[in-house]
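*Asks:* Just dropping this structure here.
Laboratory data are not the source of any read-out in this text; all were calculated from the coordinates shown. It should be emphasised that the depicted structure is a prediction, and the values quoted were computed from it without experimental measurement. When we count neighbours, we look across all protein chains shown, and the Cβ atoms used for this are built from the backbone with ideal geometry, even at glycine.
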Amino acid sequence: MTDPRTSSELVSRKRCAYYTIMSHVIEVHVPDLMMLFNPVDPAPLRERDLDPRIENFIVQARRDLPREASVSLLIRVDRLVGSPQPSEITDAVHGFFAGRARSSRQRLRQLLRVGRTSLAIGFPVLVVFTGVAQLIAAHVTTTFGQVLHEGLAIGGWVAMWRPLEVFLYDWWPIRADARRFDRLATMPVRIIDDQATQN
């Protein structure tokens with residue numbers, strides 16, 4: 001990842017001195033453009049997954065930047081001759097991260113569904129266990145009654161553990177991932193032929 005730069009087209013090393021505070025560049029270097037993609041994915045280029053190492057690098061770099069920062073992807077390639085057209089690469093990168101955003105939102109919907117089901121089970125259990133525990137506390141004064149009262153009270157809240165975990169903690173990191181992927185799916189993508197700039 002380089003210093004903040006504008007989204008102006010970078011076509012040579014001499015022109016890499018355009019900066020702006022609100023723009024950041026994630027820079028990736030590959031010997032060949034096809035190395036951006038997962039080599040075992042048989043899908044057409046525009047539908048192909050990125051190489052996991054490339055994906056992780058880009059996502060982590062974006063995570064390290066301010067949430068609202070303007071970001072672009074700069075791909076430096078040693079050999080551009082015979083490679084796919086830049087527009088194909090851009091479409092493939094955008095399509096990949098758009099797919100990741102959809103997958104994250106699907107995960108979020110599934111998680112919230114689990115949370116609602118867990119709440120529908122856990123809350124009645126909490127109510128019943130709490131009610132029974134109060135009855136025991138009011139009518140049974142033995143040590144066994146006290147132990148049973150405490151056990152039912154704890155068991156009721158244990159039944160609420162999963163819905164509380166979902167609705168307090170688990171959902172928002174997934175939503176943050178979806179929003180991050182949305183931004184990556186629309187970021188400008190630029191390609192530089194390092195061999196041409198050296199000539």
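*Asks:* From the convex hull of the Cα coordinates of the stretch 143-199, what is the mean projected area in square nanometres?
*Replies:* On the way: hull surface 29.2 nm².
For the Cα atoms of the stretch 143-199, the hull's average projected area reads 7.3 nm².
*Asks:* Would you compute, for the Cα atoms of the chain, the largest minus smallest coordinate along each principal axis and list the three values in descending order, in whole Å?
*Replies:* Projected onto the principal axes, the Cα atoms of the chain cover 92, 40, 22 Å.
*Asks:* Moving to a separate point now. I want the local charge near residue 156. Using Cβ-Cβ distances under 15 Å, sum +1 for each Lys or Arg and -1 for each Asp or Glu among the other residues. Working shown, then result.
*Replies:* On the way: positive: 162; negative: 150.
Around residue 156, the surrounding residues sum to 0.
*Asks:* Determine the dipole magnitude for the chain: charges of +1 sit on the beta-carbon of Lys and Arg, -1 on that of Asp and Glu, nothing else is charged, the reference point is the Cα centre, and the result goes in debye to the nearest 20. Write down the numbers at each step before the final one.
*Replies:* Details: 25 positive and 21 negative charges, 91 e Å.
In total the dipole reaches around 440 debye.
*Asks:* Taking the mean number of other Cβ atoms within 10 Å as a proxy for protection, how do you rank 81-89, 174-182 from highest to lowest?
*Replies:* Top of the packing list down: 174-182, 81-89.
*Asks:* Count charges around residue 91 for me, please; just the other residues with Cβ under 11 Å from its Cβ, Lys/Arg as +1, Asp/Glu as -1. Could you put the intermediate results ahead of the total?
*Replies:* Values: positive: 46, 48; negative: 47, 88.
Here the count lands on 0.
*Asks:* To check you understand DSSP bridge types, tell me what percent of the beta bridges within the chain (both residues inside) are antiparallel, rounded to 5.
*Replies:* Roughly 5 percent of the beta bridges in the chain run antiparallel, per DSSP.
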